[in-house]
Amino acid sequence: VLSDYPVVMPGVVSYSFNRYPSTNNIKKNARINIEFIKKIFRLALGILQFWWFIFCFYIGRLSFLYPEKTLLVKKVAKNDYDLIVSHDLTLLPLAFEIKNQRTRIILDAREYHPLNYQDQWFWRLEKKPLLLMLCRKYLHQCDMILTVSRGIADKYHQRWGVRPEVFMSLPDTYAIIPHMPNGKIHLIHHGWPSR
């Protein structure tokens, strides 16, 4: 597993890019304290971001959420688009800001965004309210929503009343006969090992 922090799982080797290696308990405790302070700081910023979103939402200027992209949005909005595909729920405000009357918008929802990191209390306080608001505002306005499994599609339908199309991320089919290899299986997983 390649990860920012060591992953402790039986039978899994973790290669960590942790910037705070601990060689003794003092360093380990210092790192825990630093991480706690960083989480509190991030939580405060997340709450400010959420209220900034509400402000922008009510004054009808959602592009203020992305000040570094404002010039790009103005430039892109001059074009005439037939189709905009958004690969993330948080990009829908920008997509709807630059669309014209005939533009169609597709949301490629590869996960159920409001429960993405539900096991993390910090994420539930910082990000979840924003994602719920985006779902409430934009899901019904999308011309099509795609997702990768029937379970995720059903979850969107149950909670928001939309009917996503299931489009699985599958490779081409090959007629092969699998067999067990001799010895150990060596595997590298590159991704986020969240529960």
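Over all other residues within a Cβ to Cβ distance under 14 Å of D154, the charged ones net out to +2, with Lys and Arg as +1 and Asp and Glu as -1.
In a reduced charge model with +1 at each Lys and Arg Cβ and -1 at each Asp and Glu Cβ, segment 71-165 shows a dipole moment near 240 debye about its Cα centre.
Kindly flag which residue pairs out of K99/K128; K39/K137; K78/K99; K99/K155; K39/K155; K78/K137 have an alpha-carbon separation exceeding 19 Å in this structure.
Working: K99/K128 26 Å; K39/K137 29 Å; K78/K99 10 Å; K99/K155 27 Å; K39/K155 30 Å; K78/K137 24 Å.
In this structure, K99/K128; K39/K137; K99/K155; K39/K155; K78/K137 lie more than 19 Å apart at Cα.
Would you list I106, I37 from the most to the least accessible area, probe 1.4 Å?
I37, I106
Using a cut-off of 15 Å between beta-carbons, work out the net charge of the residues near V166 (Lys and Arg +1, Asp and Glu -1, V166 not included).
Details: positive: R110, R150, K155, R163; negative: D108, E111, D154, E165.
Charge balance in the 15 Å sphere: 0.
The values are calculated or read from the model by the stated rules, or taken from the named source; none is laboratory data. Remember, predicted model here, so these are calculated numbers, not experimental data. Positions of Cβ are backbone-derived with ideal geometry, glycine not excepted, and every protein chain shown enters the neighbour counts. Ligands, DNA and RNA are stripped out before the accessible areas are found, and what is left, the full protein with its side chains, is counted by its heavy atoms. Shrake-Rupley method; radii C 1.70, N 1.55, O 1.52, S 1.80 Å.
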